[in-house]
Amino acid sequence: MAMPEVLKAKWFWYSTLCVVCWGAWVLFSKLGSDEISASAMQFIFAFGFIPVALLVLLLKRVKFEKSAKGITFGLANGVLSGIGGLTLFAAYRSGGNTSVITAATALYPLITVVLAIVVLRERLSWLQVVGLGFAVAAIIIFSL
């Protein structure tokens with residue numbers, strides 16, 4: 001039997017590794033947030049990026065970018081990620097159900113979709129709109 005094309009695609013394996021890492025990240029986020037404050041967790045969390053950044057710098061020979069616009073977007077990404085992480089750690093520490101908190105915060109793609117429509121002028125098919133409706137319904141049902 002031939003291997004499905006998707007299993008040959010790099011994006012599929014990168015995405016799979018991402019899901020595995022982020023799944024473990026949530027577990028460690030909850031365990032750490034039970035032991036230390038959200039602000040301490042965010043501060044220590046930032047140090048986890050250093051070995052990864054150094055590895056990328058060494059292995060990929062990253063060139064330093066000159067686009068002010070790209071750098072600004074990159075910095076905004078970091079700031080928003082930091083604030084999001086801080087609030088996620090606070091949510092875990094607040095005593096809420098980890099699975100519900102994780103599922104609720106995993107709805108961030110809805111914000112991305114709205115911003116893509118408004119800012120990037122992208123369009124959705126009716127089937128994609130139905131899918132978004134199911135995503136919202138699922139989180140409401142999951143939270144009950």
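Some observations on this one:
- Cross-chain or 6+ apart pairs with Cβ under 8 Å, the range 118-144 first and within 24 Å of Gly96 (Cα to Cα), then among the aliphatic types (A, V, I, L, M) and part of a loop (DSSP other than H, G, I, E, B): Ala135/Leu107; Val136/Leu107; Ile139/Leu107
- Hits in the range 63-98 (condition: in contact with a Phe, Trp or Tyr (Cβ under 8 Å, 6 or more places away or on another chain) and under 20 Å from Ile141 (Cα atoms)): Thr98
- Residue in the range 115-127 that is under 23 Å from Ser29 (Cα atoms) and of a type in the set (A, V, I, L, M) present: no
- Candidates are the residues of the range 3-40 that are outside any helix (DSSP H, G or I) and of a type in the set (A, V, I, L, M); the one that is farthest from the chain's Cα centre (by Cα) is Met3.
- Odd one out for Val62 among (1) of a type in the set (Val, Ile, Thr); (2) surrounded by 11 or more Cβ atoms within 10 Å (Cβ to Cβ); (3) at pLDDT below 85: (2)
- Members of the range 71-126 that are at pLDDT below 90 and in contact with a Lys or Arg (Cβ under 6 Å, 6 or more places away or on another chain): Thr98
- Pro51 out of contact with any Phe, Trp or Tyr (no Cβ under 8 Å at 6 or more places or on another chain), modelled with pLDDT of 90 or more and loosely packed, with under 10 Cβ neighbours inside 10 Å: yes
- Residue within the range 88-101 that is basic (Lys, Arg), farther than 23 Å from Ala135 by Cβ and in contact (Cβ under 8 Å) with a residue 12 or more places away in the chain present: yes
- Filtering the range 120-144 to residues that are part of a loop (DSSP other than H, G, I, E, B) and not small (Gly, Ala, Ser) leaves Leu120, Arg121, Glu122, Arg123, Leu124, Leu144.
The values are calculated or read from the model by the stated rules, or taken from the named source; none is laboratory data. Model, not experiment: these values are computed from the prediction. Cβ: placed from backbone, ideal geometry, glycine included. Neighbour counts: every protein chain shown.
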